[in-house]
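Worksheet: the structure to be examined is printed underneath.
The values are calculated or read from the model by the stated rules, or taken from the named source; none is laboratory data. Remember, it's a predicted structure, so these values are computed and weren't measured experimentally. Note that each Cβ is placed from the backbone with ideal geometry, even for glycine, and that neighbours are counted across all protein chains shown.
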Amino acid sequence: MSLTPVLIGLGATVPPRVVDNEELSQRLGTDDHWIRTRTGITQRHWAGPKTATGDLAVTAAQRALRSAGGGRVDMLILATSTPDHPMPATAPDVAARLGLGPIAAFDISVACAGFVYALASAAGAIAAGIAERVLVIGADIWSTRLNPQDRNTAVIFGDGAGAAVLRAGEPGEPGALTGFDLGGDGALKDLALVPGGGSRQRSDPDGTGEADDYLTMRGKEIFTHAVHRMGESSAQLLKKVGWSASDVDWVAGHQANVRILHTVADLLEVDRARVLIHLDRVGNTSAASIPLALTDAAADGRLASGDRVLMTSFGGGLSWGSAALTWPPIQVSEVLV
Ligand code: UT7
């Protein structure tokens, strides 16, 4: 049996409510020009109070399964840091709502690097013969964890979900994921952190109403580490899979800030025009950002079968990861709300 993971389906979604820079500007003492020039973002989508991460995950997964032409899957991995509940994991509920039967389903929490880690976990399950077809989802709703007064975080994050279907296949096939590079540095966990709500620091322990479950982020430091780690991880991966910079048709990087993506491209000596940019319309959607960017580029025809795609991601943890993919001949619909 062949044991290389091959991408056969992709889908994504964002919630309907558009929050443009103008809307945030009045409240946060910022302006459209600052946000656009410092981040590249013009708008993001925020979920309404009745929408949970699992809801976006179900919609993205339905689209990915349709794109794969249907069929069963025998494992579901959901990358999210904003699950529906602290316990249980969101993935089994998503699997049940999708009617996938009693399959293995679990969450992984690797912040913005989650989708690449979930792909790597799926690759491991396929290589070990544990699963033949795996549904991988990256979904996050960070809008509920943003301090409404913190312009550092509020301007960059958006909500969304993206999903991919992988099957066991051959390394030479279009769609093959041929290599991964993963890493982390927990000594720097404070750079992006939700302090409360876990076992170390309970949310609102004294019942004062002052919960500390907002995301805190040291943006400038994160920026520097993101450039360094994504650049280094991508270079390691290219070496591992035997691609030179000129072999890379597209960089699908984590969509946190256009300046980070362009600097990583410069470090790798890949033309900036080869970097997929989707954050202008959806912001930083955390674990969903890479599948959302891929879906956007596949739907408008930029990604062609056989294109070599370098995925690279970075987020809280700190955690980072890269993956090499040859684009498959799949039908993908545009990102719809
Ligand atoms: O998803 C993975 C984790 N997150 C990231 O990868 C995010 C990485 N970081 C970033 O994208 C950027 O650091 C930010 C967009 C968060 C901030 O941009 P920056 O260019 O690094 O700004 P800064 O923090 O260096 O601040 C520069 C100035 C400061 O003013 P002073 O001290 O120079 O007077 C800030 O107070 O810009 C000010 N500032 C703002 N001004 C208007 C910071 N945020 C804003 C804002 N609007 N939203």
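Quick rundown of the values:
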item	result
Residues within the stretch 70-89 that are away from the ligand (no atom under 16 Å from the Cβ), in contact (Cβ under 8 Å) with a residue 40 or more places away in the chain and buried (at least 19 other Cβ atoms within 10 Å of the Cβ), tallied	5
Members of the stretch 303-319 found to be surrounded by 14 or more Cβ atoms within 10 Å (Cβ to Cβ) and either part of a loop (DSSP other than H, G, I, E, B) or polar (S, T, N, Q) (or both), listed by number	LEU303, ASP307, THR312, SER313, GLY316, GLY317, LEU318, SER319
Answer residue from the stretch 119-150, given it is within 11 Å of the ligand (Cβ to nearest atom) and surrounded by 18 or more Cβ atoms within 10 Å (Cβ to Cβ) and is nearest to LEU294 (Cα to Cα) among those	ASP140
Residues that are in a strand (DSSP E or B) and farther than 19 Å from ARG38 by Cβ, drawn from the stretch 221-270	TRP250, VAL251, ALA252
Extreme residue, nearest to the ligand (Cβ to nearest atom), among residues of the stretch 255-302 that are crowded, with 24+ Cβ neighbours inside 10 Å, more than 13 Å from SER313 (Cα to Cα) and among the β-branched types (Val, Ile, Thr)	VAL282
Flag for ARG44 being of a type in the set (Lys, Arg), within 16 Å of the ligand (Cβ to nearest atom) and in contact with a Gly (Cβ under 9 Å, 6 or more places away or on another chain)	yes
Residue match in the stretch 226-244 (condition: surrounded by fewer than 13 Cβ atoms within 10 Å (Cβ to Cβ), modelled with pLDDT under 90 and on the phi < 0 side of the Ramachandran plot)	no
Answer from GLY301, GLY317 - the residue that is assigned by TED's automatic domain parsing to the domain that holds ASP190 and within 18 Å of the chain's Cα centre (by Cα)	GLY317
Flag if ASP107 is within 16 Å of the ligand (Cβ to nearest atom), acidic (Asp, Glu) and in contact with a helix residue (DSSP H, G or I) (Cβ under 6 Å, 6 or more places away or on another chain)	no
Close pairs from the stretch 320-337: first at negative phi and part of a loop (DSSP other than H, G, I, E, B), partner among the aromatic types (Phe, Trp, Tyr) and surrounded by 22 or more Cβ atoms within 10 Å (Cβ to Cβ), Cβ under 8 Å, at least 6 apart	TRP327/TRP250
